Amino acid sequence: MQIRVHDLRAWTHDRHRVVDEPPYGGGTGMILKPEPVFEAVEALRVGPESRVLLLTPQGVPFTHGQAAALAAETHLVLLCGRYEGFDDRIRALVDLEVSIGDYILTGGELPALVVVDAVVRLVPGVLGDAASAAQDSFAGGLLEFPQFTRPPEYRGLAVPQILLSGNHEAIRRWRRKEALRRTLSRRPDLLTAAALSEEDRLLLKEVTREVQAEAGSPARLSIPLV
Ligand code: JAH
């Protein structure tokens, strides 16, 4: 596997290697002009198998599923904007426009690195066993269960007893339940999409009952962040 980085200015033809211009219709900031982008992408494509990705806040949300699909491709071109954006005509070059989250950065470079990292670790043989094992987690569609290692108690914080019990069936069930608890509490949107078994639905009912019981007990201090 190979990764190369290119400078759009290599595809300019003027003395000052200009890649940006003010927007038609007025407004602040500068816009990437189409010519260097078209010439760069045309030069970098190796054939019809090349997939051109554009990193923007207007893209579809980047997911693990997309990372897996991209890992199966043979050649990717990741197109990064800078400035206030690009001439919209460059979208004619693009196979897939993705967003890594709802925030504005100074350019698409960091999102491109995020996509590279997510894809590369799914390419067979690129990383070790640990990474390949870890990929099963999001593939399951739920958040990870909590994990612990030694010591069994640290600064008064105990590891859940069941994990020290050696009862593998009880541990498997506890982990599944805690994964469901976290997902329900933090990412209920994922639960809607997840394929839940009969056991999952039973565990979720237990969690719901426990959450309702907690609601009746004294409140913990909570500081709203938003
Ligand atoms: C900002 C070009 N989804 C994250 C993301 C992606 C791209 C950009 N910002 C945020 C960006 C300025 C110019 C791209």
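The values are calculated or read from the model by the stated rules, or taken from the named source; none is laboratory data. Please read all numbers here as calculations on a predicted model, not as lab measurements. Virtual Cβ from ideal backbone geometry, glycine too; neighbours counted across all protein chains shown. These accessible areas exclude ligands, DNA and RNA; they are computed on the full protein's heavy atoms, side chains included. Shrake-Rupley method; radii C 1.70, N 1.55, O 1.52, S 1.80 Å.
Key figures
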read-out: Ala219 vs. criteria loosely packed, with under 15 Cβ neighbours inside 10 Å, assigned to a loop (DSSP other than H, G, I, E, B) and in contact (Cβ under 8 Å) with a residue 40 or more places away in the chain; value: no
read-out: Qualifying positions in segment 186-201 - without any contact (Cβ under 8 Å) to a residue 40 or more places away in the chain and open to solvent by 90 Å² or more (accessible area, probe 1.4 Å); value: Thr192, Glu198, Arg201
read-out: Some residue of segment 125-143 being modelled with pLDDT of 95 or more and open to solvent by less than 70 Å² (accessible area, probe 1.4 Å); value: yes
read-out: Residues located in segment 71-106, provided they are within 20 Å of the chain's Cα centre (by Cα) and on the phi > 0 side of the Ramachandran plot; value: Gly101
read-out: Extreme residue, nearest to the ligand (Cβ to nearest atom), among residues of segment 96-127 that are under 13 Å from Gly59 (Cα atoms) and of a type in the set (Ser, Thr, Tyr); value: Ser99
read-out: Cβ-Cβ under 6 Å pairs, at least 6 apart or on other chains, segment 89-101 side under 10 Å from Leu78 (Cα atoms), far side more than 13 Å from the ligand (Cβ to nearest atom); value: Val94/Val52
